[in-house]
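Below: one structure, written as structure tokens.
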Amino acid sequence: MTVTLKNSNYEVVLNTHGAEINAFRGADGTKYVFEGPESVWKFHAPVLFPHVGRIKDGFYTYGGKEYHLVNNGMSRDMEHKIVEQSENSVVFELTEGPETADKFPWKFSLKTRYELKDDGLVFTTTVTNTDSSAMLFSLGSHTAFCCPRNTDPEGTVNSDYQYEFEKKEPLTAVLLNEAAQLAVDEEGTAPCTAPYGEKENGIVPIDAKGFGNGHFFTKISSDWVGLRNKKDGSLVKVNCKGYPYVMLWQGGKGEEGAGGNGFNCIEPWYGTADAENTDHRWEEKAGLISLEPGESFTADQSITIEK
């Protein structure tokens, strides 16, 4: 089931399956979020819970029991209920049930809230621990932005865009292996970091080569990461204030020109992929949030458009 919110500047189509953005368009028809086809990528802007990134071998253990998750968690593949709705906003909720019993050991509430604004879209996720013991989880988002966009001039390609960190700070990369798992150092410790080595501080170029399994950053002081069109200066910003990690990933075919299937993702994460040497114990996993019974945690990955 889909829900459409609309104001004088934007329209957003949201799906109860995954509580996901299916489309985010300007009043002029500009498509900001990737809409498909599924043959290129079956998602658009998945909510990642209770795990972000790759999970090695598809399982983890907690309290002596084995649980099974796909990469980027279970939320994106499940039906969410609409619990609040108004003309310009909607709140979806996912809670524990028979489908989650093999995936996550705690009772929980995951609420995803969207509110359409004149300059973009408020997009927050709130986890509440409704269980009787402390809960460990990761949380993030994976929004794919069209690059180039359907309204760009003919001949525009993905290399006419770049990623931009607000404060133009020198970037610190988290090292990944070829399977997009955390690489370990000589002592078997992860995560490991190194200077990213960009030519211009805080700027990540985009080209047809793609990003492989992604470029993963930490020690971020910027309040947002954006996708800038270098030709017209327009900017799509994703809030990352307070996040310990941001993943950037490129997909589709962005060199086909405006209206093609290219997209670039901005993914603020509270958490990391599994380490390549993981023993699968959830208690030992890097980057997890610990939430006491009755407590809530909110992540803000709102999208702002600057034309």
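Details
- The lone criterion from (1) touching a Lys or Arg at 6+ places or on another chain (Cβ under 9 Å); (2) at pLDDT below 95 left unmet by Gly64 is number (1).
- Matching residues, the range 208-254, being hydrophobic (A, V, I, L, M, F, W, C), open to solvent by 50 Å² or more (accessible area, probe 1.4 Å) and either part of a strand (DSSP E or B) or at pLDDT 95 or above (or both): Trp249
- Matching entry among Thr298, Thr272, Thr304 (being part of a loop (DSSP other than H, G, I, E, B) and at pLDDT 95 or above): Thr272
- Segments classed as strands (runs of 3 or more DSSP E), wholly inside the range 98-195, with at least 3 members that are open to solvent by 40 Å² or more (accessible area, probe 1.4 Å): 108-117
- Residues that are over 18 Å from Tyr245 (Cβ atoms), assigned to a strand (DSSP E or B) and of a type in the set (A, V, I, L, M, F, W, C) within the range 196-207 comprise just one, Ile203.
- Leading residue by the ranking (farthest from the chain's Cα centre (by Cα)) among those in the range 1-12 that are touching a residue at least 12 places away in the same chain (Cβ under 8 Å) and in a strand (DSSP E or B): Lys6
- Contacts under 6 angstrom Cβ, first residue in the range 77-106 being without any contact (Cβ under 8 Å) to a residue 40 or more places away in the chain, partner open to solvent by less than 50 Å² (accessible area, probe 1.4 Å) and among the β-branched types (Val, Ile, Thr), 6 or more apart: Val83/Val91; Glu84/Val91
- Look at (1) closer than 17 Å to Tyr245 by Cα; (2) polar (S, T, N, Q); (3) touching a helix residue (DSSP H, G or I) at 6+ places or on another chain (Cβ under 8 Å) and you find that Thr193 fails only one, number (3).
- Taking (1) in a loop (DSSP other than H, G, I, E, B); (2) within 26 Å of Cys147 (Cα to Cα); (3) not aliphatic (A, V, I, L, M) in turn, Asn22 satisfies each apart from (1).
- Residue in the range 73-80 that is over 15 Å from the mean Cα position of the chain (by Cα), modelled with pLDDT of 95 or more, farther than 20 Å from Ala286 by Cβ and open to solvent by 10 Å² or more (accessible area, probe 1.4 Å) present: yes
- Pick from the range 7-34, criterion hydroxyl-bearing (Ser, Thr, Tyr) and closer than 16 Å to Leu227 by Cβ, ranking: surrounded by the fewest Cβ atoms within 10 Å (Cβ to Cβ): Thr30
- Members of the range 131-159 found to be in contact with a strand residue (DSSP E or B) (Cβ under 9 Å, 6 or more places away or on another chain) and charged (D, E, K, R), listed by number: Asp131, Arg149, Asp152
- Restricting the range 35-65 to residues that are outside any loop (DSSP other than H, G, I, E, B) and in contact with an Asp or Glu (Cβ under 9 Å, 6 or more places away or on another chain), the residue that is surrounded by the fewest Cβ atoms within 10 Å (Cβ to Cβ) is Asp57.
The values are calculated or read from the model by the stated rules, or taken from the named source; none is laboratory data. All values derive from a computational prediction rather than experimental measurement. Here the Cβ is made from the backbone with ideal geometry for all residues, glycine too, and neighbour counts use every protein chain on show. All accessible areas refer to the heavy atoms of the entire protein, side chains included, with ligands and DNA or RNA removed. Shrake-Rupley method; radii C 1.70, N 1.55, O 1.52, S 1.80 Å.
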